[in-house]
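Take a look at the structure set out below.
The values are calculated or read from the model by the stated rules, or taken from the named source; none is laboratory data. All values reported here derive from a predicted model rather than from experimental measurement. All Cβ positions, even for glycine, are placed from backbone atoms using ideal geometry, and neighbour counts span all protein chains on display.
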């Protein structure tokens, strides 16, 4: 119950369930958020299992190795874990608020009627998640890739950004300039610019330009693919892509990176579902006749 190795093993188990999940949905997120709590408790268990025990009853004695059959031991709540980590892990103070935010997201999802994760962009919580995990893993002197799949790490890091007043101000000026340029265009020029073809070989999502309202393109970079799953006669795979740039062919607005996309209220992530025909993959039709004849010779 109190062992350091048990907490790290359980964190790995839950993180692995997330990476092996075949959809980009709330279940993927929940496995990561549940696994995080076990990783949060690991530094306290390593320092002293007693740090995880509530002071009431026999819990401290149980954590010290003196089991009692009269009453089940209890561990401290999440908030107390985070408060104690600020003392045990020197760098944890920098991510304490992130850890509490993640706990609130998890609790709202699990204990209220609100579909929190369904309504929350991954960009709102995954950067906080990876920051907390980075601090814990560094303190424990472990390898991050032993806990999280490299694709999940890339996904979280690609969404990471820092709120910066300078970036927001710069984007406001870019939007203003693009809007003024658009207002000076003749109708024929607008039509001509609308017909500008997209660059070849790049994946993108079409969205309304925040400056002029015309159709622009958020160019995407694939960061993670789910495991394949079979539904009826199709093999489905979901691919997560993160925005790397925005271009409007009409007003000429260009933005680069998650911080600028976020500041302009543009999408920073998209999930595509790819389908393949299961019968072609496994050549089911080729075996149908043989199966019908089985046992009739």
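Among the residues of the stretch 226-247 satisfying the criterion of being touching a residue at least 60 places away in the same chain (Cβ under 8 Å) and touching a helix residue (DSSP H, G or I) at 6+ places or on another chain (Cβ under 7 Å), which is farthest from residue 23 (Cα to Cα)?
Only one residue fits best here, namely 242.
Would you mind stating whether residue 38 is touching a helix residue (DSSP H, G or I) at 6+ places or on another chain (Cβ under 6 Å) and either within 28 Å of residue 156 (Cβ to Cβ) or in the same structural domain as residue 9 (by TED's automatic domain parsing) (or both)?
yes
Confirm whether residue 122 is closer than 26 Å to residue 269 by Cβ and touching a helix residue (DSSP H, G or I) at 6+ places or on another chain (Cβ under 9 Å).
Yes, satisfied.
Based on what the data block shows, is residue 46 at negative phi and loosely packed, with under 13 Cβ neighbours inside 10 Å?
no
Going by the conditions given, is residue 109 in a helix (DSSP H, G or I), under 18 Å from residue 139 (Cβ atoms) and either within 25 Å of the chain's Cα centre (by Cα) or not assigned by TED's automatic domain parsing to the domain that holds residue 134 (or both)?
no
Could you please give the count of residues in the stretch 187-220 that are outside any loop (DSSP other than H, G, I, E, B), without any contact (Cβ under 8 Å) to a residue 12 or more places away in the chain and surrounded by 13 or more Cβ atoms within 10 Å (Cβ to Cβ)?
Residues meeting the conditions: 1.
Conditions (1) assigned to a loop (DSSP other than H, G, I, E, B); (2) over 20 Å from the mean Cα position of the chain (by Cα), marked per residue:
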{"residue": "83", "(1), (2)": "no, yes"}
{"residue": "99", "(1), (2)": "no, no"}
{"residue": "105", "(1), (2)": "no, no"}
{"residue": "113", "(1), (2)": "yes, yes"}
{"residue": "116", "(1), (2)": "yes, no"}
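Being exposed (fewer than 14 other Cβ atoms within 10 Å of the Cβ) and in a loop (DSSP other than H, G, I, E, B) is the filter; apply it to the stretch 144-186 and report the residue that is nearest to the chain's Cα centre (by Cα).
My answer is 162.
Every residue in the stretch 49-64 that is surrounded by fewer than 18 Cβ atoms within 10 Å (Cβ to Cβ), touching a helix residue (DSSP H, G or I) at 6+ places or on another chain (Cβ under 7 Å), assigned to a helix (DSSP H, G or I) and modelled with pLDDT under 90, please.
60, the sole residue that qualifies.
Quick test of your reading of the structure: residue 86 fulfils all but one of (1) closer than 21 Å to residue 138 by Cβ; (2) in contact (Cβ under 8 Å) with a residue 60 or more places away in the chain. Name the failing condition by number.
Unmet condition: (2).
Residues to consider are 11, 5; find the one that is in contact with a helix residue (DSSP H, G or I) (Cβ under 7 Å, 6 or more places away or on another chain) and part of a helix (DSSP H, G or I).
11
For residues in the stretch 14-24 being out of contact with any strand residue (DSSP E or B) (no Cβ under 9 Å at 6 or more places or on another chain) and touching a residue at least 40 places away in the same chain (Cβ under 8 Å), which is surrounded by the most Cβ atoms within 10 Å (Cβ to Cβ)?
My answer is 15.
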